[in-house]
Amino acid sequence: MKKIQVELGNRSYPIYIGSDLLKKSELFKFHIKSKQVVIISNVTIAPLYLDKILNNLLEYEVQTVILPDGEQFKTLEYVTQIFDKLLANKFSRNSTLIALGGGVIGDMGGFAAACYQRGISFLQIPTTLLAQVDSSVGGKTGVNHPLGKNMIGAFYQPECVIADADFLDSLDNRQLSAGLAEVIKYGLIRDIVFFEWLEINVDKLLNRDKHALAYAIERSCINKAEIVSEDETETGVRATLNLGHTFGHAIETGVGYGTYLHGEAVAIGTCQAADLSRRIGWLTDSDVNRIVALFKKCNLPTIPPTKLNSSQFLDLMAVDKKNVDGKIRLILLTKLGTATLPIEIENKLIVQTLESYGKNQSLSPS
Ligand code: NAD
Ligand code: GLY
């Protein structure tokens, strides 16, 4: 088992990475300081893994909330179901919440933990690759709003993250690929050596080679932990984790939550961000081709949906947490392995990318 520490003073916490971690009862005992425990999961994950968690909690008073499965249920309405259960069962302020699932459950569970009685302890047990390498680490919690993704939320750090690579055995290939989009992101924004390792080892990852996957999870978590430790609430470098996300969130919101997987939308958005970086003169054609080729190799989409034209895109991109005074700000790449902080780009250039990148398959002029 590897242990990576997220350094946040008295709110520091470990990320445990390995196999067979659900058999380590001592991890649960060490991090759960209450008698009352609520587990949040969904209808897909609970039948597979809930019992394995419950086996570690025989001495606790445990409640479960099993939510429907999907990004479209990441709403305040469904978080309320968690509050209903906690209140109906008189859960106290020292209770512990366990989020067992992918990024949707982790974000919703974390948000419920942040809000219930103004904050209870919570553990992240991420079950998708995306959640293990990104969403479970760093304390961003929240839900979607019909007008914008992740627009309602809180920064709230867990007690620990237990990332067991065995969960990935039951994950389908499409979800595995979506997780790889966020893995590639670390290489692009700050770790060129890792990006080059990914180019060489992508087949091993797609074939679920355990050593390669464990290395990719560890390297991603090291990168994320360093960024979060430096900038917990995204006043600076943490924003670089949003590479491709402004375009990607616009796609997710614009075509309807749940159509594209988050990682798929991020893959397309990253290609658009790379195209824009090339137009500014920072990336070469060959850099952009390498990025697009790696996403394609991972079976990820790289072309934006035809359903959104450039003016719709711009409208959607105007609802983004990085924006200041209503102006769109983007994370771009100054070279492979180095990202900008959020910067304002002339609308004209953004429109060029929206109208030209992937032109054959997609966008009509506004
Ligand atoms: P997800 O949570 O929807 O999970 C993907 C699918 O896989 C679901 O159908 C789920 O039920 C299923 N699943 C999960 N684990 C499984 C397993 N082990 N075996 C079989 N099926 C399994 O999606 P995701 O990609 O994990 O997360 C996406 C969400 O994360 C988005 O809402 C995104 O906004 C959020 N996110 C948050 C952060 C953050 O910092 N908080 C970062 C990135 C993404
Ligand atoms: N996934 C973006 C962040 O954690 O900041």
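Rule-based calculations on the coordinates, nothing more; no lab input. The model shown is predicted, which means the values in this text are computed figures rather than measured ones. Quick reminder, even Gly has a Cβ in these numbers, built from the backbone with ideal geometry, and neighbours come from all protein chains shown.
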If you build the convex hull over the alpha carbons only and average its shadow over all orientations, what do you get for region 1-137? Give it in nm² to one decimal. 7.9
GNM, the chain, Cα, under 10 Å: largest mean-square fluctuation among His211, His245, His31? His211
Just to confirm the number: angle between the C-alpha axis of helix 173-190 and the first principal axis of the chain, 0 to 90 degrees, nearest 10? 70
Local electrostatic count, Gly281, Cβ distance below 13 Å [Lys/Arg +1, Asp/Glu -1]: 0
Ser34 label point, 7 Å along Cα→Cβ, cut-off 17 Å on backbone N: hits in region 125-147? 125
Expressed in angstrom and ordered largest first, the alpha-carbon extents of region 248-296 along the principal axes are 33, 21, 10
Packing rank of 39-45, 296-302, where each peptide gets the mean count of other beta carbons within 10 Å, highest leading: 39-45, 296-302
In degrees, nearest 10, the alpha-carbon axis of helix 347-356 is tilted away from the dominant principal axis of the alpha carbons of the chain by 90
Counting only DSSP beta bridges fully inside the chain, the antiparallel percentage to nearest 5 is 40
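Kindly provide the Kirkwood hydrodynamic radius of the chain in Å, to one decimal, from all pairs of distinct alpha carbon atoms.
Working: mean 1/r = 0.0484 Å⁻¹.
Result for the chain, one decimal place: 20.7 Å.
What order do you get for 268-280, 48-60 when each peptide is scored by the mean count of other beta carbon atoms within 10 Å, highest first?
Packing proxy ranking, top to bottom: 268-280, 48-60.
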Could you tell me the relative contact order of region 207-295? Use alpha-carbon pairs under 8 Å, at least six residues apart, and round to a whole percent. 19
Taking the convex hull of the alpha carbon atoms in region 71-114, what volume per residue do you get, in Å³? 62
What is the angle, in °, between the Cα long axis of helix 210-230 and the longest principal axis of the Cα atoms in the chain? Nearest 10 is fine, range 0 to 90. 90
Can you give me the pair-distance distribution of region 89-152, C-alpha pairs, 10 Å bins, whole percents? 24, 49, 25, 2
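For region 243-366, what does the alpha-carbon gyration tensor say about shape, rounded, prolate or oblate, given a ≥ b ≥ c as the root eigenvalues, a/c under 1.5 as rounded, and a/b over b/c as prolate?
Taking the square roots of the gyration eigenvalues as a ≥ b ≥ c, region 243-366 is rounded.
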So, for the Cα atoms of region 293-366, Rg and Dmax in Å stand at 13.5, 39
